[in-house]
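See structure below.
The values are calculated or read from the model by the stated rules, or taken from the named source; none is laboratory data. Bear in mind the structure is a predicted one, so any value in this text is a computation, not a measurement. Every residue, glycine as well, gets a Cβ built from its backbone with ideal geometry; the counts of neighbours run over all protein chains shown.
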Amino acid sequence: MRKSLLLAATAAASAMLVLGPTASAFAATHDVLTTGKVGGPNVKVGAVLQAGLKARTVASFSSPGTTITAKCTRSTITSKVTANPARPGKAVLSLTAQTFGGCTITIGGVKVLSLTVKHPDRTTISDAKGNPVTVFGPSATIKLMFGTATFSCTYTAKQISGHASNVGSLISFSKQILSRSAGPANFCPAKGALSATYGPVVDMSVKGHPHVFVN
C-alpha cells in the first residue's frame, strides 16, 4: 500500500513538472501595441503604421494671441516600428513620411504653398494611464506667398505631447506649442500651436491593414 501511494505521489509530481511549463508556454505575452483588438496579435518590429486625419477634422497651426491660423484638410503620417516591448512599456516609432494638403490660412493676402514636417528624432507610445504619446524634436516649415513674394516659417520644439485612444485607434495632439526657429519676424509669428487628430492607425504590414491598439 505504501509503495502504491509513493508511486502515485511520484507520478503526480512528475505530471505537475511536465504540465506546469507546458501550460505557461501557452500564456500570451502582449506587447504595448497589438492589432485587431486589445490583446490581439503583437505588432512586429519593422511594421509600417499609417494614419490619415480623423474623418471631418483638420490639422491646424495657429498663432496664440492672434487670428492667424493655417488649416489643412488632408494629412497622412507613416511610421516604422523600431521597438514594441512587452507591456508595461513604451513602443518607439520612426516617422518615415508625413504629407499635408488642402491648406489655407485666414490672414488676408497670404497663401499657404506647402506645409512640410522634418522627421523627428523618435515618437513613443506608452501604455501608461491615458496612453501618452511623445514626439521628440518635431520641426514644421510653412511656405507662404504674399503677393509675388514667397517666404518660409520654420517652427521647432524639444518635444510635443499627445495621447492615443483605442476608441477609433486615434492619436491626438491639442495646441502643442512650437517656437519660430527661422523666417522673417514680420511675417512669422513667434510661436505656433499644433492641433491634429489622426486615425484610425493601421498596420500596413499585415493583410487587411488591421487597426492598431495600445494594451
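If you check Ser75, Ser79, Ser24, which single one turns out to be over 19 Å from Phe213 (Cβ atoms) and either surrounded by 14 or more Cβ atoms within 10 Å (Cβ to Cβ) or at pLDDT 90 or above (or both)? Talk me through it step by step, then tell me what you get.
Working: Ser79 fails: over 19 Å from Phe213 (Cβ atoms); Ser24 fails: either surrounded by 14 or more Cβ atoms within 10 Å (Cβ to Cβ) or at pLDDT 90 or above (or both).
Within the list Ser75, Ser79, Ser24, the selection yields Ser75.
Based on what the data block shows, is Thr134 of a type in the set (S, T, N, Q) and over 30 Å from His30 (Cα atoms)? If you could, list the steps in order and put the result at the bottom.
On the way: of a type in the set (S, T, N, Q): yes; over 30 Å from His30 (Cα atoms): no.
Taking the combined requirement at face value, the residue does not satisfy it.
Filtered by the rule that a residue be outside any strand (DSSP E or B) and of a type in the set (Val, Ile, Thr), region 156-199 gives a lone residue, Val167. Being among the polar types (S, T, N, Q), touching a residue at least 60 places away in the same chain (Cβ under 8 Å), part of a strand (DSSP E or B) and out of contact with any His (no Cβ under 7 Å at 6 or more places or on another chain) is the requirement here; does Thr134 meet it? No, not satisfied.
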